[in-house]
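J.: This structure is in structure tokens; I'll ask about it shortly.
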Amino acid sequence: MSYIKGLKCRECGREYPISVVFVCEYCFGSLEVAYDYEKIKHILTRNEIEKRPQNMWRYKELLPLSREPTDGFNTGFTPLIRSHSLAKVLGVKELYIKDDSVNHPTLSFKDRVVAVALSKAKEFGFHTVACASTGNLANSVSANAAIAGLRAFIFIPADLELGKVIASSIYNPTLVKVEGNYDEVNRLCAEIAAKYKWAFVNINIRPYYAEGSKTYGFEIAEQLGWRAPKHIVVPAAGGSLTTKIYKSLKEFYELGLIPEFKTKLYVAQGEGCAPIVTAIKEDSEVIKPVKPKTIAKSLAIGNPADGFYAYDVVKKTGGWGEGASDEEIIDAIKLLAETEGIFTETAGGVTVAATIKLIKQKRIPKNESLVVCITGNGLKTQEAVADKLNKPLKIKPNLHSFEEEIKKRRTADHYSI
Ligand SMILES: *Cc1c(COP(=O)(O)O)cnc(C)c1O
Ligand SMILES: [Zn+2]
């Protein structure tokens, strides 16, 4: 039983049957999946969802498959953590962290989109999957292709962090380092996709793939006890996650699964690659492409495919956008680790740093519910913080040596034991 009606152009509204198309042939607008909400309404109740296994497919009627899913049975339903320590530091009353740094199998929210993409690629009869990636998508397509028994071609910028490269190579895909930035990798992949019969998860099957991000938003609402928070801060690269969190809450509201939807969405980007944030601040519908220069490499897309739509969601909901410098990113990664025990990657640092600014600016009031999106894991971007941490004490294996060294450290750090 399928609940998808077809694809619909986001610009001119023209409809297309479910197939491997991603741009409107009339206006070049991007396409989006349309659902039969009337049918879904009768099936997808809170009760029904709560009975299902705790993975992203508990919302499967709102995902774009025509058959049963084949991938991602251990993906999603990551913790929504009520923060006390970080909340205290930020001076806010009701703070939650949606923690996809522990998403299965590759420790980022990308496993959600890839689970949908690979299930859909199999429906379409593809044997080879591919992607253009800033790092996490590469890891996820590599791992999930291994699980699904599909061939994988993975294209990444040549300067990615070692952790991200190894976390793809381990699954033995054909990994291609392109001497260029992400936008150049993406342009090349669009050309390859036109020539080879491969499912490029974020290019030719992008309308389906992108829907997987909605599960991140569905889970936030369900885990809050079936309600939408007042504020959500989202890290943005291409801008898709931002738009899909919005869509997820709108769908839940329209299906009667949550009573109210007045959530403001905020976009966070690295200062060295902030085309969406700049557009928000300048109130300009035109997203000006930039050349990325930030340690937040997973967010380093200079020409974001969904930039306008992310901008639009922020404006529609009354949110805002903030950037973070490299130094602020590192401080925020450390703050999150020291307060909540969560080691996030640079993208998470961007989100926490932007949140701090938004609270200081009073754009996010201190007494309203706030969700911070942590979308990736710090073990993959260790070089960002490696030189910025306290060095371990080095001692001889005896008590005297330990007490000598601890005395020195104690004097330096002003603590007592
Ligand atoms: C890809 C990615 C994002 C941003 O996703 P978009 O949908 O492209 O905006 C955020 N965080 C992490 C860790 C990512 O890998
Ligand atoms: Zn169109």
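Read the figures in this text as sums done on the coordinates, not as results from a lab. The structure presented is a predicted model; accordingly, all values stated were derived computationally and were not measured. Neighbour counts run over all protein chains shown; Cβ positions are idealised from the backbone, glycine included.
J.: Can you give the Rg to Rh ratio of the range 223-349, both from alpha-carbon atoms, with Rh computed by the Kirkwood formula?
T.: Numbers: Rg = 15.1 Å, Rh = 15.1 Å.
Looking at the range 223-349, the ratio lands at 1.00.
J.: Report the label-to-label distance for Lys281 and His127 in nanometres (one decimal), using points 7 Å from each Cα along the Cα→Cβ vector.
T.: In this crude label model, Lys281 to His127 measures out at 5.1 nm.
J.: About the Cα centre of the range 1-113, how large is the charge dipole given +1 on each Lys and Arg Cβ and -1 on each Asp and Glu Cβ? Please answer in debye to the nearest 20.
T.: The calculation lands at about 380 debye.
J.: For His104, what residues show an amide H to amide H distance below 5 Å, using hydrogens built from the backbone and excluding near sequence neighbours?
T.: Gly76
J.: Here's something else I'd like to know. Taking every pair of Cα atoms in the range 94-133, average 1/r, invert it to obtain the Kirkwood radius, and report Rg/Rh to two decimals.
T.: Taking Rg over the Kirkwood Rh, I get 1.14.
J.: Using +1 at the C-beta of Lys and Arg and -1 at the C-beta of Asp and Glu, which of Val290, Ala324, Ala279 has the Cα lying farthest in the positive direction of the dipole of the range 265-417?
T.: Selected residue: Ala324.
J.: Moving on. Compute, for the chain, the length of the dipole vector about the Cα centre, with Cβ point charges of +1 (Lys, Arg) and -1 (Asp, Glu) only. Units Debye, rounded to 20.
T.: 480 debye
J.: So for the range 29-186, what percent of the C-alpha to C-alpha distances run longer than 24 Å?
T.: The calculated P(r) of the range 29-186 puts 46 percent of pairs beyond 24 Å.
J.: For the chain, what is the relative contact order in percent, using Cα pairs closer than 8 Å and at least 6 residues apart in sequence?
T.: Answer for the chain is 15 percent.
J.: Follow-up. Taking the alpha-carbon centroid of each part, what is the distance from the range 295-346 to the range 202-235 in angstrom?
T.: Distance between centres, Cα-based: 16 Å.
J.: Also, quick follow-up: Give the span of the chain's Cα atoms along each principal axis, as three whole-Å numbers ordered largest to smallest.
T.: Largest first, the chain extends 74, 47, 45 Å along its Cα principal axes.
J.: Can you run phi through the Karplus equation (6.51, -1.76, 1.60; θ = phi - 60°) for the range 8-23 and list ³J(HN,Hα) in whole Hz, with x for Gly and Pro?
T.: 9, 5, 5, 9, 9, x, 4, 9, 9, x, 4, 6, 8, 10, 9, 10
J.: Another question about this same structure. Using only the Cα atoms, work out Rg/Rh for the range 295-372, with Rh taken as the Kirkwood radius, to two decimals.
T.: 0.98
J.: Rounded to the nearest 5, what % of DSSP beta bridges with both residues in the chain are antiparallel?
T.: Roughly 35 percent of the beta bridges in the chain run antiparallel, per DSSP.
J.: Using 18 Å as the Cα-Cα cut-off, could you pick out the over-long pairs in Lys334/Lys396; Lys98/Lys230; Lys214/Lys334?
T.: Violating the 18 Å limit, Cα to Cα: Lys334/Lys396; Lys214/Lys334.
J.: Quick one: dipole size for the range 152-225, taken about the Cα centre, charges +1 on Lys/Arg Cβ and -1 on Asp/Glu Cβ, in debye to the nearest 20.
T.: Numbers: 7 positive and 9 negative charges, 64 e Å.
So the magnitude is around 300 debye.
J.: Based on the Cα gyration tensor of the range 1-85, what are the three equivalent ellipsoid semi-axes, each the root of five times an eigenvalue, rounded to whole Å and given largest first?
T.: On the way: eigenvalues 173, 59, 34 Å².
They are 29, 17, 13 Å, listed from largest to smallest.
J.: So which lysines can Lys281 reach, going by Cα to Cα under 18 Å and dropping same-chain residues fewer than 8 places off?
T.: Straight-distance partners of Lys281: Lys264, Lys315, Lys316, Lys357, Lys360, Lys362.
J.: Hey, another quick one. For the range 279-417, compute the orientation-averaged projected area of the C-alpha convex hull (one quarter of its surface), in nm².
T.: Mean shadow area of the hull around the Cα atoms is 11.5 nm².
J.: A follow-up question, please. So how do 62-72, 46-56 stack up, highest first, on mean other-Cβ count within 10 Å?
T.: On the way: 62-72: 19.4, 46-56: 13.8.
Ranking the peptides 62-72, 46-56 by packing returns 62-72, 46-56.
J.: Can you compute the modelled spin-label distance between Thr174 and Ala158, with each label point 7 Å from Cα toward Cβ, in nm?
T.: Rounded to a tenth, the inter-label distance reads 2.0 nm.
J.: What whole-number volume per residue, in cubic angstrom, does the convex hull of the C-alpha atoms of the range 325-367 give?
T.: Cα convex hull per residue, to the nearest whole number: 68 Å³.
J.: So how far apart, in nm, are the two label points at Glu254 and Asn47 if each is 7 Å from Cα heading toward Cβ?
T.: Once both label points are built, they end up 2.5 nm from each other.
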